[in-house]
Amino acid sequence: MLKTFSSRSPKAVASTFLATGLFAVALAVPNPITGTPEAKAAGEPTFGTTFQPYVPVDGKSVKLQRSNNQSFDLSDNAPDPARFTVMVGTTPNPVTSVAILQGWILKMNVTNGITKNAVVTVSYSAAGDTPNKIKTISNVAALDFGPLTATNNISTFVQTVPNAPGVSTVLAGEENATITVTPPNSGPAPTSYEVTSSPDGKTCTVDGPSGSCTITGLTAGVAYTFTTVAKTASGSSPAGLASASTTVLAKTAPNTPGVPTVAAGEESATITVTAPTSGLTPTSYEVTATPGGKTCTVAGASGSCTISGLTAGTAYTFTTIAKVSTGNSTASTASASTTVLAKTTITTTATTVPASTATTIPLTTIPAGYTPSWDKEPLTDSETDANTVGYFPAVSPGVIIITDEMGFTLDKKNGIKPKIRMKNYAGKIKMSISASYKVGAKTKKYKCTFAPFGTTKKIKTSKWRWYTPKKACILPAPLVAAVRANTATLSASGKWSRQWLTTSKKARPDKTKIKPRTLRYTMKAKPAAVK
């Protein structure tokens with residue numbers, strides 16, 4: 001039965017209680033804490049004779065419970081909160097209010113949360129300053145999801161969860177912010193921190209007892225605050241107070257571009273840049289070769305450029321920097337290593353080049369419009385086409401040679417087939433041809449699709465092999481005449497889904513990903529200068 005409060009004159013007691021919150025092991029051996037005649041004589045409320053102090057699981061208060069559910073002997077109401085002092089370790093935790101629960105539990109609500117395994121000291125001060133009116137009794141309370149028995153003379157337990165960190169400092173960046181954490185001023189040293197932005201809720205991590213981290217992808221012009229949680233292996237602290245509001249800056253430079261792709265040439269290389277996936281759109285790129293440091297420029301948001309004057313047989317890598325008027329990106333990751341080819345020569349006759357030209361000439365001095373020969377085996381697989389224009393034969397049958405690896409054959413019935421040479425790569429090729437031409441005043445359109453050709457088989461030995469579809473597309477005679485008369489052109493487009501020949505995988509031996517190739521070619525009449 002609960003004892004009711006009356007208007008009797010108040011009695012007093014002065015006791016100091018040491019409590020620890022949220023331990024995994026319960027402490028036993030009950031030990032009563034009794035009031036003293038000196039305290040009672042002071043006219044203060046009497047708290048009874050036996051107590052069980054503990055910290056509840058929410059860590060927001062300290063409770064003092066009478067043993068055996070005996071009610072507190074209070075005359076009018078709970079004591080003044082100012083009479084109570086709660087210390088968490090060596091840090092005061094002000095008591096905001098005191099309440100009586102169920103008649104036998106005295107609850108002291110505190111300002112700051114009490115972390116797991118914190119050592120908590122509770123003191124009550126009677127009126128006046130006579131020494132015997134403040135009693136100090138060493139008591140330790142433990143909690144395993146419920147009130148446990150207080151005991152005397154228990155060894156102090158070590159706090160393993162950090163206290164809340166201090167207010168972080170923030171340095172605004174371009175769509176990012178760098179946050180420097182402030183460690184707690186007491187308690188265990190954190191092993192890491194998690195910083196969270198508001199708004200957005202983006203995070204970054206600081207490893208170690210102090211330091212900084214950067215949150216990226218923030219919105220320019222938005223004011224952010226940042227809170228920090230300190231961590232150890234045993235748990236996390238409450239969040240520290242939010243930082244000062246910081247406005248994130250706008251970007252002045254593009255993001256870093258992706259890895260470029262490279263096609264080896266004869267003492268040259270053609271580099272195709274990869275645009276950044278986000279951020280400002282570049283207006284140009286600068287490509288740099290290593291070794292040597294030679295450069296070329298791509299104008300616009302994407303595209304390719306060629307660096308010439310490279311050393312044959314040397315393996316080069318290439319990096320790109322994206323640019324806008326207000327700044328440059330950091331350099332991209334280097335491309336895959338690419339070995340530059342040596343200059344080659346071809347033997348010609350007076351029927352294929354002007355008689356005044358020597359029979360053996362460098363490729364770089366071939367007259368405009370001259371086409372390469374299929375009789376020369378390439379030194380390496382091309383990643384892109386060095387040339388995309390082929391010249392239609394004046395008579396059928398004939399060949400339309402576009403590069404050393406790509407061309408078309410034309411039979412005596414004007415049946416046309418693509419012909420592609422592969423060495424290290426395999427895969428199926430889908431291709432179609434189309435044209436628009438006139439018969440009299442009427443415009444006609446032609447389109448034909450070849451059956452997919454190539455191979456997806458894994459072949460043990462790499463060597464140059466030709467692939468062509470089984471069935472040709474038959475060109476209408478008026479179209480053939482129009483192409484030869486230079487009043488029409490024949491276009492070919494296709495997709496080559498590539499894989500590595502000896503593994504059938506979509507990656508090269510160096511782990512770089514193999515991308516499909518887009519094939520686009522034009523066939524037209526041969527210029528008179530090279531007939």
Residue match in region 338-353 (condition: modelled with pLDDT of 90 or more and either assigned to a loop (DSSP other than H, G, I, E, B) or within 22 Å of Thr518 (Cα to Cα) (or both)): yes
Hits in region 226-276 - residues which are more than 30 Å from Ile307 (Cβ to Cβ) and among the polar types (S, T, N, Q): Thr227, Thr228, Thr232, Ser234, Ser236, Ser237, Ser243, Ser245, Thr246, Thr247
Region 320-339, residues that are among the aliphatic types (A, V, I, L, M) and within 21 Å of Thr384 (Cα to Cα): Ala334, Ala336
Which listed residue, of Pro209, Pro183, Pro199, is outside the structural domain of Thr115 (by TED's automatic domain parsing), at pLDDT 85 or above and surrounded by fewer than 15 Cβ atoms within 10 Å (Cβ to Cβ): Pro199
Identity of the residue in region 426-472, part of a strand (DSSP E or B) and aliphatic (A, V, I, L, M), that ends up surrounded by the fewest Cβ atoms within 10 Å (Cβ to Cβ): Val439
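Rundown of residues vs (1) touching a Leu at 6+ places or on another chain (Cβ under 9 Å); (2) at pLDDT 80 or above; (3) surrounded by 17 or more Cβ atoms within 10 Å (Cβ to Cβ); (4) not assigned by TED's automatic domain parsing to the domain that holds Thr518, yes/no style:
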site	(1), (2), (3), (4)
Pro367	no, no, no, no
Pro372	yes, no, yes, no
Glu383	no, yes, yes, no
Val389	no, yes, no, no
Ile401	no, yes, yes, no
Gly407	no, yes, yes, no
Count of region 496-513 residues which are touching a residue at least 40 places away in the same chain (Cβ under 8 Å) and either exposed (fewer than 14 other Cβ atoms within 10 Å of the Cβ) or assigned to a loop (DSSP other than H, G, I, E, B) (or both): 7
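Which one of Arg421, Arg520 is out of contact with any Lys or Arg (no Cβ under 6 Å at 6 or more places or on another chain), charged (D, E, K, R), part of a strand (DSSP E or B) and surrounded by fewer than 17 Cβ atoms within 10 Å (Cβ to Cβ)?
Of Arg421, Arg520, the one residue that is out of contact with any Lys or Arg (no Cβ under 6 Å at 6 or more places or on another chain), charged (D, E, K, R), part of a strand (DSSP E or B) and surrounded by fewer than 17 Cβ atoms within 10 Å (Cβ to Cβ) is Arg520.
The values are calculated or read from the model by the stated rules, or taken from the named source; none is laboratory data. As the structure is a computational prediction, the values presented were derived from the model and not from experiment. Positions of Cβ are generated from backbone atoms using ideal geometry, with glycine treated the same way; all protein chains shown enter the neighbour counts.
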